[in-house]
Amino acid sequence: MKLTVLGSGTSHGIPVIGCECPVCKSLDPKDNRMRASLYIEGDDEERVVIDTGPDFRIQALRVGLKSLDAVFLTHAHADHVHGLDDVRSLSYEREIPVYGNAETLRELKERFSYAFQNTQRGGGKPRINLNPVKHPVQIGSLTLTPIPVKHGRLDILGWKISKTNDSGPFAVYLTDTSFIPQASLDLIRSPEVKGPEVLIVGGLRVRPHETHFSFEQALSTGVDIRARHVYLTHICHGHSHREITAICRRFRNLRNLEDTVMEPAYDRMEFVL
Ligand SMILES: [Zn+2]
Ligand SMILES: [Zn+2]
Ligand SMILES: [Zn+2]
């Protein structure tokens, strides 16, 4: 399977509208961060995304998305769902299933109420169906397992991404996380099983935040679940890509984690598992 980071920025994206800070004015393409999202291609050409934020249309065009088998959602904050209408052009042939927790789907029904009314005919709305999840979901060769985590007081989902009926390398996507309950840590790794090959984890900034991991908390999560590669996402404009790379390197060196890769993610970063 192949994973592509569609966006690695926090809710504003980077550059932030109206901001003239060095990161927002940076010429390094890795300092341009769209809203956080992940694209997953299965070995049998399944195509799914985790979150459809306001940049979804541009992100889909950039990766040449031609079909979509499912949408998985972490939560219903605007930066994660407000591009959902743009699955419309991919839903003419068949409805696209959307998976999330009950609260997220309840909010979607309000936010996108027109999509669920029978009155509007034709192509004016995305054809989606909502599926509350508690258990792993299989999309052909891909299996996505919901991982309940806390985003401040909100209960949201991270996702474990594995190959169906395969105990080989897997990935975990945890954005907008401030706490991971023990039961969820156990879902990610049991004592006899290795940790994820790739962990993509929200790390907002250096300073702590009420509803998001800081860089250090996010990297520590990688250590806790024994991830081999840890990539930070949902990053704000406080530091450049280069600076965050140095922060990750310092964290690794201080803890003698030579075998672990720790870096900031960037838009269009790819991994093959
Ligand atoms: Zn967010
Ligand atoms: Zn800025
Ligand atoms: Zn959020």
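Observations on the structure shown:
- Of all the listed residues (D79, D86), the sole one being within 16 Å of ligand 3 (Cβ to nearest atom) and either aromatic (F, W, Y) or part of a helix (DSSP H, G or I) (or both) is D79.
- Any hit, segment 147-165, residues being at pLDDT below 95 and more than 16 Å from the chain's Cα centre (by Cα): yes
- Count of segment 54-76 residues which are within 16 Å of ligand 1 (Cβ to nearest atom), over 12 Å from L90 (Cβ atoms) and not in a loop (DSSP other than H, G, I, E, B): 2
- Considering only residues in segment 77-91 that are acidic (D, E) and more than 12 Å from ligand 1 (Cβ to nearest atom), the one that is nearest to V133 (Cα to Cα) turns out to be D85.
- All positions within segment 1-40 that are touching a Ser or Thr at 6+ places or on another chain (Cβ under 6 Å) and within 16 Å of ligand 3 (Cβ to nearest atom): G7, S8, R33, A36
- For segment 10-31, residues that are of a type outside the set (V, I, T) and more than 10 Å from ligand 2 (Cβ to nearest atom) total 6.
- Criterion: among the polar types (S, T, N, Q) and under 22 Å from S220 (Cβ atoms) - qualifying residue of T143, T177, T164: T177
- From the list V49, V23, V16, the lone residue that is part of a loop (DSSP other than H, G, I, E, B) and either within 16 Å of ligand 1 (Cβ to nearest atom) or without any contact (Cβ under 8 Å) to a residue 12 or more places away in the chain (or both) is V16.
- When V172, V223, V201 are checked against the criterion of being in contact (Cβ under 8 Å) with a residue 12 or more places away in the chain, touching a helix residue (DSSP H, G or I) at 6+ places or on another chain (Cβ under 7 Å) and more than 16 Å from ligand 3 (Cβ to nearest atom), a single residue qualifies: V172.
- Qualifying helices (runs of 4 or more DSSP H) (wholly inside segment 166-273; at least 1 residues being touching a Ser or Thr at 6+ places or on another chain (Cβ under 6 Å), of a type in the set (A, V, I, L, M, F, W, C) and farther than 18 Å from H151 by Cα): none
- Members of segment 176-234 found to be surrounded by fewer than 18 Cβ atoms within 10 Å (Cβ to Cβ) and among the acidic types (D, E), listed by number: D186, E192, E197, E210, E216, D224
The values are calculated or read from the model by the stated rules, or taken from the named source; none is laboratory data. Computed from a prediction, not measured in an experiment: that's the story for all the values here. When we count neighbours, we look across all protein chains shown, and the Cβ atoms used for this are built from the backbone with ideal geometry, even at glycine.
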